[in-house]
């Protein structure tokens, strides 16, 4: 009897040890972290491009008088904003930008008889800025097409000269509206390149009682721009 009990005890102990040796802890599978690019986040960038458009000088008291010193030149500056990407691929965001400008133009004075080369009008756009809402769509993981619109600002100066002598300078900070379209591509998870076109309209700005005794003057500005940019996404 003792032999049977001893043999049974040894068998249970041996089996338990074997089971314990086989019971190796199983580690949980590591969590898979998505590595794809997403557009959600803030960004800041540099941009440069070209501006051209229409600058019109009109005189309400003399409708046949006019001058068109259309301005054109280079622009360059900074932009910053924030995007949020939805699960359906659409992207909404807001952006602000500021750019210095070299755009200028000149034209002679025109009346019902023809041109008067003795009187010259010049226009300068020294800076532009905008606050825009953007709506885009990711056509693939790293490429987005978008439309944008909002409020536009510009610093301008119009000058009229008689025989090369400045007669009047009219400086304005203009407020208007802007719309545009563009595309962006994520070169890396942090660097985003863009190309865009925008149109801005600053309406008509009236000036009466000018010191030089000139006729009341209406100035109108509309601009077109193409810009390239490179941004860092946080």
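Any read-out appearing in this document is the output of simple, stated calculations on the displayed coordinates, not a laboratory observation. Not measured: the values here are computed from a predicted model. Cβ atoms come from the backbone with ideal geometry, glycine included; neighbour counts cover every protein chain shown.
Restricting the stretch 118-137 to residues that are within 18 Å of the chain's Cα centre (by Cα) and buried (at least 21 other Cβ atoms within 10 Å of the Cβ), the residue that is farthest from residue 65 (Cα to Cα) is 136.
The set of residues from the stretch 64-117 being over 30 Å from residue 148 (Cα atoms) and part of a strand (DSSP E or B) comprises 66, 67, 106, 107, 108, 109, 110, 115, 116, 117. Has the stretch 143-160 got at least one residue that is over 14 Å from residue 97 (Cα atoms), out of contact with any helix residue (DSSP H, G or I) (no Cβ under 6 Å at 6 or more places or on another chain) and in a loop (DSSP other than H, G, I, E, B)? Checking the stretch 143-160: not a single residue is over 14 Å from residue 97 (Cα atoms), out of contact with any helix residue (DSSP H, G or I) (no Cβ under 6 Å at 6 or more places or on another chain) and in a loop (DSSP other than H, G, I, E, B). Here the condition is being surrounded by fewer than 16 Cβ atoms within 10 Å (Cβ to Cβ) and in contact (Cβ under 8 Å) with a residue 24 or more places away in the chain; of 176, 183, it holds for 183 alone.
Applying the condition of being touching a strand residue (DSSP E or B) at 6+ places or on another chain (Cβ under 7 Å) and part of a loop (DSSP other than H, G, I, E, B) to the stretch 185-210 and asking which residue is nearest to residue 38 (Cα to Cα) yields 190.
For the stretch 38-75, the tally of residues that are surrounded by fewer than 17 Cβ atoms within 10 Å (Cβ to Cβ) and farther than 26 Å from residue 170 by Cβ stands at 7.
Specify the residue that is surrounded by the most Cβ atoms within 10 Å (Cβ to Cβ); the eligible residues are those in the stretch 190-206 that are under 16 Å from the mean Cα position of the chain (by Cα) and more than 15 Å from residue 178 (Cα to Cα). So the residue we want is 192.
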